Amino acid sequence: VDVFQAWCGPCKPVVSLFQKIWNNVGSNLLHFAVAEADSIDALEKYRGQCEPVFLFYTGGELVAVVRGADAPLLQKTILKQL
């Protein structure tokens, strides 16, 4: 989940990375979503930050958090969680 705030928008530079990984692993294993922290109370702790935050869930449980648009770290985290 790409957590963003209305004043900065979702992290567009990593969309191609997610698309590449999604094409390689298939749609049944990987799902990508965006969520605006300003409108979701459960994401309140991610408000007021100017860096993107990516939350990784497996079976409804938060299993990893990556702060910043670090493509190699995002890819490593996705593949590890898969």
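Every read-out reported here was derived from the displayed coordinates using simple, explicitly stated rules and does not represent laboratory data. Note that the coordinates shown come from a computational prediction; the quantities given were computed from them, not determined experimentally. Cβ placement follows ideal geometry from the backbone for every residue including glycine, while neighbour counts extend to all protein chains displayed.
Between A64 and A42, what is the label-to-label distance in nm when each label sits 7 Å out along the Cα-to-Cβ direction?
2.0
What percent does the relative contact order of the chain come to when contacts are Cα pairs within less than 8 Å and at least six residues apart?
Reported relative contact order: 33 percent.
Give the residue from S16, A64, V34 lying farthest towards the positive end of the charge dipole for the range 2-81; charges sit on Cβ (+1 for Lys and Arg, -1 for Asp and Glu) and the dipole is referred to the Cα centre.
My answer, from the dipole projection, is S16.
Working out 0.36 nm times the residue gap between L55 and W7, then minus their Cα-Cα distance, what length gain in nm do you get to one decimal?
Difference between extended and current length: 15.3 nm.
Taking the Cα atoms of the range 2-81 alone, what are Rg (to one decimal) and Dmax (as a whole number) in Å?
12.4, 34
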